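Accompanying notes for the structure given below.
The values are calculated or read from the model by the stated rules, or taken from the named source; none is laboratory data. The model shown is predicted, which means the values in this text are computed figures rather than measured ones. Every residue, glycine as well, gets a Cβ built from its backbone with ideal geometry; the counts of neighbours run over all protein chains shown.
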Amino acid sequence: MSDKNVVMELYHDNFQNYKRYNIPKAQLVITDIPYNIGVDAYASNPSWYNGGDNKNGESKLAKKSFFNSDGNFNIAEYFHFCNRLLIKEPKERGKAPAMIVFCAFEQLETVRQYGEKHGFKNSYPLVFIKNYSAQVLKANMKIVGATEYALVLYRDKLPKFNNIGADGQKHMVFNWFEWKRDNSKQYPKIHPTQKPVNVLKRLIEIFTDEGDVVIDPCAGSGTTLRAAAELGRKSYGFEIDRNFYKEAKEKMLILPEEKQLMFPGMSIGSATADERSEK
Ligand SMILES: C[S@@+](CC[C@H](N)C(=O)[O-])C[C@H]1O[C@@H](n2cnc3c(N)ncnc32)[C@H](O)[C@@H]1O
């Protein structure tokens, strides 16, 4: 049983306003940045048409983005945030912080370059393999996408790295991971680009220890916070969309009873910008 104080806090605010909140510095910042896909978000996806059939005409999702804020994301401000909120480079080896940025394949190089400009001069990509694809409308015309991508970024020293398996032995960690969908009974489906909690847990386990701080500045449904809390980490996040924030707070930021018993001192919090300024 761990007596480390687990925290899970989500703020309904722009991450740019982080100074309003007293957030400790993180070992890991993990984010799925808005893809700036804009009005083609549902291209190749059956939801573009009513009932998934083009004979029925376009649905209300045709020519729509995934969510309102998708389209004007400021990557430079995001990197500035990460630089301020990640712990400083430690003297010892094996303790350095890391960032993980989920992004589209086409964004990998841009993210790498922004990272370099903001002091994260090292990076390597991760690939996630799915056994399904949302692009069924083009399935008879071309090879369909069934992968997701992320970039691990760090300043100088290699980030903290846990590769000891259940057998107590060290194992190589490959740069590809299986993208297993979450069971909807275990985790609610809230966000159109929601990441599986189990995939996030695997990454958090590798790059942090129990008691470390994990931040997700664009938390969406709160999956990163939930994954971190289940592993006994302290987690903090921001989400500007009112509905995602509300649903995350009500459905995702809840731990099953056995986890609550494991972390008796745990605190779950949330605040809107207004609530915060009233304090
Ligand atoms: C790609 S989604 C994240 C989905 C999330 N990983 C999940 O599993 O649910 C990005 C989220 O960032 C939010 N967002 C965009 N800009 C933001 C900002 N400046 N501050 C906080 N949240 C932001 C969007 O509203 C959106 O929900």
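Things to note:
- Those residues of the stretch 184-209 which are modelled with pLDDT under 95 and more than 11 Å from the ligand (Cβ to nearest atom), in sequence order: Ser184, Lys185, Gln186
- For Lys88, the requirement of being part of a loop (DSSP other than H, G, I, E, B) and either closer than 16 Å to Asn17 by Cα or modelled with pLDDT of 95 or more (or both) is met.
- Leading residue by the ranking (farthest from the ligand (Cβ to nearest atom)) among those in the stretch 210-249 that are assigned to a loop (DSSP other than H, G, I, E, B) and under 11 Å from Ile30 (Cβ atoms): Arg233
- Considering residues of the stretch 95-117 that are in a loop (DSSP other than H, G, I, E, B) and at pLDDT 95 or above only, the residue nearest to the ligand (Cβ to nearest atom): Pro97
- Qualifying residue in the stretch 260-274 (condition: in a helix (DSSP H, G or I), out of contact with any Asp or Glu (no Cβ under 7 Å at 6 or more places or on another chain) and within 16 Å of the ligand (Cβ to nearest atom)): yes
- Which listed residue is modelled with pLDDT under 95, under 30 Å from Phe263 (Cβ atoms) and more than 16 Å from the ligand (Cβ to nearest atom), from Asn56, Asn22, Asn50: Asn22
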